[in-house]
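The block underneath contains the structure these notes are about, expressed in structure tokens.
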Amino acid sequence: MTRDLDIQSHPSPNFGARRDGVTRPSLVLIHYTAMQSAGAALERLCDPAHEVSAHYLIDATGSCLQLVAETERAWHAGRGRWGDVTDVNSHSIGIELDNRGNTPFAHAQMNALEQLLSGILARWDIAAQNVIGHCDIAPTRKTDPGVRFDWQRLARAGLAVWPATAPPTDTDLAADLAADLAAFARNAACFGYDPDLTPDQTLAAFRLRFSPRASGPLTPREAAMMADLARRFPVDRHSALT
């Protein structure tokens, strides 16, 4: 039986009001700290000189600290875009995970993250498709939470999404979807990726999260996965691709 998540308060001075009339978060952004320890990350996130923060920090043991109130704007996203949102800080809740980016995430830490996400999504009526990584909104400069993060685990728990991965059909193969980066990029923009990325940048961003072992040209399987994400989880349902 999983114990209830104990969230301790450790206020950071690095926050402000959400901007441009935004009154509630609609995204959750997951990061890794990329630092030597949770203590070092906490010091950085609470240091006014660094002007960086997050709403939550979860260490490898599953201990969770709240640094900024969910109603406030933490400073964790920087420049980036998801759908039409360009001020991601004003629209999101940021969660930092104590991890340097090259090791698996501890089981206790993932358990704590699942409990935290479950509460956040329920409180703010945020859809699972709006739980994303820093790499999704800023793929040309960020890689967190990285290739070791278990997105499929979150998707199985209903706390993120994952594309269908059925093998491509003979029709897919005949259409040579591996060469159709333009269609892949259109589907990616429908899902939420920045439409101003080049097709190669979009493919790299997709692979970082959904196909980390892949390399080389776009494959029919990857094209089908991206089309599935666009069809089932469009960032703007009024402009969904069919």
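If we scan segment 57-65, do we find a residue that is in a loop (DSSP other than H, G, I, E, B), in contact (Cβ under 8 Å) with a residue 24 or more places away in the chain, open to solvent by less than 20 Å² (accessible area, probe 1.4 Å) and under 16 Å from Met35 (Cα atoms)?
no
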Task: Subset of segment 187-198 [buried (at least 18 other Cβ atoms within 10 Å of the Cβ) and either modelled with pLDDT under 90 or not polar (S, T, N, Q) (or both)] - done: Ala188, Ala189, Cys190, Phe191, Gly192, Tyr193, Asp194, Leu197
Task: segment 90-110, residues that are under 14 Å from the mean Cα position of the chain (by Cα) and among the charged types (D, E, K, R) - done: Glu96
Task: Filter result (assigned to a loop (DSSP other than H, G, I, E, B) and buried (at least 23 other Cβ atoms within 10 Å of the Cβ)) within segment 89-106 - done: Asp98, Asn99
TODO: Just need a number here: residues in segment 199-230 that are more than 13 Å from Asp136 (Cα to Cα), in contact with an Asp or Glu (Cβ under 9 Å, 6 or more places away or on another chain) and open to solvent by 10 Å² or more (accessible area, probe 1.4 Å).
DONE: 6
- [ ] Could you grab me the full set of residues in segment 119-142 that are more than 21 Å from Pro25 (Cα to Cα) and crowded, with 19+ Cβ neighbours inside 10 Å?
- [x] Pro139, Lys142
TODO: Kindly provide the set of residues from segment 34-46 that are in contact (Cβ under 8 Å) with a residue 24 or more places away in the chain and over 24 Å from Val147 (Cα atoms), ordered by number.
DONE: Cys46
TODO: Considering only segment 1-17, state which residues are more than 25 Å from Val161 (Cβ to Cβ), in contact (Cβ under 8 Å) with a residue 24 or more places away in the chain and in a loop (DSSP other than H, G, I, E, B).
DONE: Asp4, Asp6, His10, Pro11, Ser12, Pro13, Asn14, Ala17
TODO: Please enumerate the residues belonging to segment 18-47 that are touching a strand residue (DSSP E or B) at 6+ places or on another chain (Cβ under 9 Å) and outside any helix (DSSP H, G or I).
DONE: Arg18, Arg19, Val22, Pro25, Ser26, Leu27, Val28, Leu29, Ile30, His31, Tyr32, Thr33
- [ ] Test Leu116 against the criterion of being buried (at least 19 other Cβ atoms within 10 Å of the Cβ) and over 16 Å from the mean Cα position of the chain (by Cα), and give yes or no.
- [x] no
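The values are calculated or read from the model by the stated rules, or taken from the named source; none is laboratory data. As the structure is a computational prediction, the values presented were derived from the model and not from experiment. A quick note on method: Cβ atoms are made from the backbone with ideal geometry, for glycine too, and the neighbour counts reach across all protein chains shown. The protein model used for the area step is the full one, side chains on, heavy atoms only, and it has no ligands, DNA or RNA in it. Shrake-Rupley method; radii C 1.70, N 1.55, O 1.52, S 1.80 Å.
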